[in-house]
Amino acid sequence: MILNKNTRELFTDNGDLIKKLHCPFQKEWAELGKTQSSSTRLCNQCGKSVHDSKHFSDAELSQLIRENPETCLKINSHQSNLTLISW
Amino acid sequence: MEVLEPDKKPRVIKTARSKDSINEAAHNGFFPLMKSVIPSKDLRAKYAVIQNKTTGEIRVTGDYRTSDAKENETLAIEFTYYYPYHFKEPYAAYLLPKDLIVGERVWLEDVIEDIVGKRWNQGNTYRLESVEAIWNGKDFDIQHFLSEHEWEMIG
């Protein structure tokens, strides 16, 4: 996946937009509630699930967002499946 | 642009943050490179206020580890993020020496741009205060790459 950190847009490696990341509460992963899955946490502010994108392929992420566009993702700058652009 | 490798310590580029200090530098032979002071949403600190239910006295904390309300205390204000920096004027200037060379490495003593220099794993971020930079003839290319530092984004 490709992230433009300036616009917060996340793309597949083919350039298809997955979603534009936005969190009005500026949450950090460490602040989120733990769930039974280590790759998913729960936001106690808005109630949404937040998925750690390092565990997903581009296709899986695209499907996840297609099925529920409100799903939130966590991106870490050091995850191996990420390319950063437009610094 | 050819980057000139230093044979000595880089020159220090001063910053002026008021009209008078900018004009004084201009009179002294420097050219002020004007910049707007623009707060970044990426820079933030947090606080919470815990209040004694009886006396009304408060304590303020910025650390999750010391935020539990004790007996007879209540959390008056939950953890709230804010922009923690204050500058008197909304503009500032790097003071360019007249003999500054394109490609010259310098040390910006007081960075005007809001750049995240450090991050605390509790969510706080801190301004980059000083940094090495290269003069490209129009502006400084700041030699601080956030990609070297781990960060995360949620949304």
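Observations on the structure shown:
- Against the conditions (1) more than 12 Å from chain A (Cβ to nearest Cβ); (2) surrounded by fewer than 17 Cβ atoms within 10 Å (Cβ to Cβ); (3) of a type in the set (A, V, I, L, M), B:Ile142 satisfies every one except (1).
- Residue that is farthest from B:Lys9 (Cα to Cα), among those in the stretch B:92-112 that are crowded, with 18+ Cβ neighbours inside 10 Å and under 15 Å from the mean Cα position of the chain (by Cα): B:Ala92
- Listed here are the strands (runs of 3 or more DSSP E) enclosed by the stretch B:1-71 that have at least 2 residues being acidic (Asp, Glu), and there are none.
- Screening B:Ala45 against (1) touching a residue at least 40 places away in the same chain (Cβ under 8 Å); (2) aliphatic (A, V, I, L, M); (3) more than 14 Å from chain A (Cβ to nearest Cβ) leaves a single unmet condition, (3).
- Of all the residues in the stretch A:16-49, those that are surrounded by 18 or more Cβ atoms within 10 Å (Cβ to Cβ), under 23 Å from B:Ala45 (Cβ atoms) and not charged (D, E, K, R) number 3.
- When residues in the stretch B:108-130 are screened for being farther than 19 Å from B:Thr80 by Cα and part of a loop (DSSP other than H, G, I, E, B), 10 of them pass.
- Among the numbered conditions (1) more than 7 Å from chain B (Cβ to nearest Cβ); (2) under 20 Å from B:Gln122 (Cα atoms); (3) surrounded by fewer than 17 Cβ atoms within 10 Å (Cβ to Cβ), the only one that A:His78 does not meet is (1).
- Boolean, A:Asn76 is under 13 Å from the mean Cα position of the chain (by Cα) and under 15 Å from B:Trp151 (Cβ atoms): yes
- Scope the stretch B:126-144; condition under 13 Å from the mean Cα position of the chain (by Cα) and modelled with pLDDT of 85 or more; matching residues: B:Tyr126, B:Arg127, B:Leu128, B:Glu129, B:Ser130, B:Val131
- The criterion of being polar (S, T, N, Q), within 12 Å of the chain's Cα centre (by Cα) and more than 10 Å from chain B (Cβ to nearest Cβ) holds for A:Ser62.
- First in the stretch B:6-32 and surrounded by 12 or more Cβ atoms within 10 Å (Cβ to Cβ) and small (Gly, Ala, Ser), second anywhere and part of a helix (DSSP H, G or I) and at pLDDT 95 or above, Cβ under 6 Å, 6 or more apart: B:Ala16/B:Ile22; B:Ala16/B:Ala25
Per-residue answers, yes or no, for (1) acidic (Asp, Glu); (2) part of a strand (DSSP E or B):
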site	(1), (2)
A:Asn6	no, no
A:Asp13	yes, no
A:Lys19	no, yes
A:Phe25	no, no
A:Gln36	no, no
A:Gln45	no, no
A:His51	no, yes
A:Glu60	yes, no
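- Test: residue in the stretch B:118-132 that is out of contact with any strand residue (DSSP E or B) (no Cβ under 7 Å at 6 or more places or on another chain), away from every other protein chain (no Cβ under 14 Å) and not aliphatic (A, V, I, L, M): no
The values are calculated or read from the model by the stated rules, or taken from the named source; none is laboratory data. For clarity, every value in this text was computed on a predicted model and none was experimentally measured. Heads up, the Cβs are rebuilt from the backbone with ideal geometry, glycines too, and the neighbour counts pull from every protein chain shown.
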